[in-house]
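Have a look at the structure below, then the notes.
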Amino acid sequence: MRPEFLRTDKTQSRKTWWFRTLMNWYPMYFGTGGKILFWSGDNSEVHLRLRLNLWTYNYVGTIFGGSMFSAADPFYMVMLLRILGSSYVVWDKSATIQFKKPAKSALYARLLITEENLTDIKHRVAEHGHVVHVFKIQWKDKQGAVHAEAERHCYIASKEFYQKRKGLSQSAKLDFKINKND
């Protein structure tokens, strides 16, 4: 039975159900010990579970912190890519995690991209060409106690801005090489 804080009005589509199923069997994600429980049809909400098991057990008998960190790794980037579409470039830029208390039981995380998040991101990208948006993730037990908090920093840019910036950085390297040989 899932915890109350994972209750949602959203539904999965057939497409997101297949994507979730394939991701759960993808070796790089499977190895984290995490499991994707739900992926909304509009790609704005994902629910994760991390159990204490052979893959996640650490030296002192609690869930390994690296499992908490990696089990939530790619999701905000992938969610944004699927929501924003091909006219945007999205990369994970950095992440941090703070461990609050050891976990000996299953942990859950609810990842959510709100309409306000999307409006803010699109507005700032339209204004500046790019933005770094910070998403927070909390790993909680069934009672709602927080065991870890992570921050995921996602870089989002318009494809046009990104291509122009990438071109400038490559031409700067070329100029350096030409001048170096003089």
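Readers should treat all values here as calculations from the given coordinates under stated rules, not as data from a laboratory. Quick caveat, the model's predicted, so the values are computed rather than measured. Neighbour counts run over all protein chains shown; Cβ positions are idealised from the backbone, glycine included.
Couple of notes before you dig in:
- Surrounding net charge for residue 41, when Lys and Arg each add one and Asp and Glu each subtract one, Cβ distance under 9 Å: +2
- Links that overshoot a 30 Å alpha carbon limit, given the list 15/142; 140/164; 15/136; 140/166; 15/101: 140/164; 140/166; 15/101
- Acute angle (nearest 10 degrees) that the helix 14-25 long axis makes with the longest principal axis of the chain, alpha-carbon atoms: 80 degrees
- In degrees, nearest ten, helix 75-84 long axis to first principal axis of the chain (Cα): 60 degrees
- Alpha-carbon centroid distance for the pair region 3-19 / region 124-159, whole angstrom: 20 Å
- In the chain, the DSSP-assigned H stretches of four residues or longer account for a calculated mean residue ellipticity at 222 nm of -12000 deg cm²/dmol, using -39500 (n - 2.57) per stretch and the full residue count as denominator.
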